[in-house]
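Notes follow the structure.
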Amino acid sequence: MDGYLPLFERTRTPQPPLQRFAVIQLFQKLRSAPSHSGLDSDAGREAITRCLRSTSPAVVDQSVRELCRLVKDSHLDLPLGLLELQSSLEGRDPRFAEVFVKGIGFIVRVGFQRDCFGSKRVATEVHPFVKVLSCEVEVGNVLVQEVLMFVSHCMQYGMRKVCEFLRPLLIYSILRLPFLDVPSHSFTRCLISSLASLSCTFPSDAMPLLMLLNSCLRYCQCKSAEDLRDAISLAEYVVDAYIVVLRHLVVTGTMVHEAQLCGVEVLEALLSTYCDSRQHTTVGCEAIINLSRRLVCVQKDLVLKYVSELSTPMLSLFVLMTTQELEHEQLSILSLLSFLLNWKLEDELLRDGVSPELTEELLYVFPIIHLMSSPSISIKGVAADLLILFEKLPIISKVPKIRGSSIRHSKMILSKRETIIYRLLQHLWFQVRFSCPIRFSSILFF
């Protein structure tokens, strides 16, 4: 360190321009110094550390810039550069936190472009962004900016790879932050809303990012009404961004089917989140159903076809319908169910060549018949319309000749209650050969 002391002393002059010039000279000497006193030596690392831990804003700012240049020019190992900035962030004045976070973001972008993080997912405990977030310093807004810059600069190397790198940060912000003494909800909301908005600026490449945001919704811990409201607000950002992206893809005619499948996953995440929260809270059903209706209505408005993968969220909708007791919530569920069934009949089941098979709609028959005993005229009217609609389903009037029909839902999670119920229905259905058509009007008015 003795060789760098004169230059380090110059950083203590009261004029910021002279301080910056002294820092530049010090780092230039580090670049050209022999190995025993250069960047790889104890003296060189001590000189860097002292500059980063200075009390002068000008010295700290210029030191971070010079350190980033060393990493960019391959004069300093990237992990060592990150370690210097992270250690300085954890133990220094909060005034300089933004500078260190910006430096970490720059080095992360350089490392990603050089594939320094490898093809495997970075572990949460060593993820550079997670380590920034776990510091006891309020740097949330700056970190969000760095994440957005990371996506914008690195998406050319593959959006899926970018999303895999960001996944640990998003999961950590949802799972761990609520248990730490940090303003978790504001950061998580800002991060997800910003990423959702960013996805609208490059809709052709936005699908992996939307899938990432949707998958993170499943980690929301909805153990209270407030938690569920926070989860719904996050879901609104994803739904809004999805609608913007979908409209663009339909206009360009690219990746439309992939976008619809993404919409199915978003819908399933919405319904599953509420179903899982039922044991903790009973509010939020109408908001969830309204978001779900927006997801499917925009597809029909854009004259898109009904996709068979919607059968999975239809099963979650069945669980919701059988557990709701409030009239306005029942009406919203019945309205969404009616919309989906009409769309399916118009687009799929009425086409020539569609073979009848056991469908999940049969699960709704008896719950809807039960709703006919409701004192509400509105509930009775919608339920009656649905029963008439069910009569148009080919499965009602014709039983498949092959006993033990193959199951379409090979990707279903077998441990979910709605899947278990549906598979049980399949098993019971094919135990008996019906010899005559079933008419729900005869069941209803028997």
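For T55, T188, T312, give me the order by solvent-accessible area with a 1.4 Å probe, most accessible first, ignoring ligands, DNA and RNA.
On the way: T55 105, T188 10, T312 50 Å².
Order by accessible area, largest first: T55, T312, T188.
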* To do: Express in Å², to the nearest 10, the accessible area of M207 obtained by rolling a 1.4 Å probe over the protein heavy atoms while all chains stay in place.
  => 10
* Structure fact -> What the 10 Å binned alpha carbon P(r) of the range 1-156 shows, as percent of pairs per bin from 0, is 11, 40, 34, 14, 1
* Asked: Once both labels are modelled 7 Å past Cα along the beta-carbon direction, what's the E258-S308 spacing in nm?
  -> 2.2
* Tell me, what is the FRET efficiency for R229 and C116 to the nearest 0.05, using R0 = 35 angstrom and their Cβ-Cβ distance as r? -> 0.30
* Can you grab the distance from the C-alpha centre of the range 6-70 to the C-alpha centre of the range 294-308, Å, no decimals? => 60
* To do: On the protein heavy atoms, probe 1.4 angstrom, tell me the percent of accessible surface of the range 74-148 carried by carbon and sulfur.
  => 48
* **Solvent accessible area, Å² - V142, 1.4 Å probe, full protein context** => 10
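The values are calculated or read from the model by the stated rules, or taken from the named source; none is laboratory data. Computed from a predicted structure; not experimentally measured. Every residue, glycine as well, gets a Cβ built from its backbone with ideal geometry; the counts of neighbours run over all protein chains shown. Please note that ligands, DNA and RNA were not included when accessible areas were found on the heavy atoms of the full protein model with its side chains. Shrake-Rupley method; radii C 1.70, N 1.55, O 1.52, S 1.80 Å.
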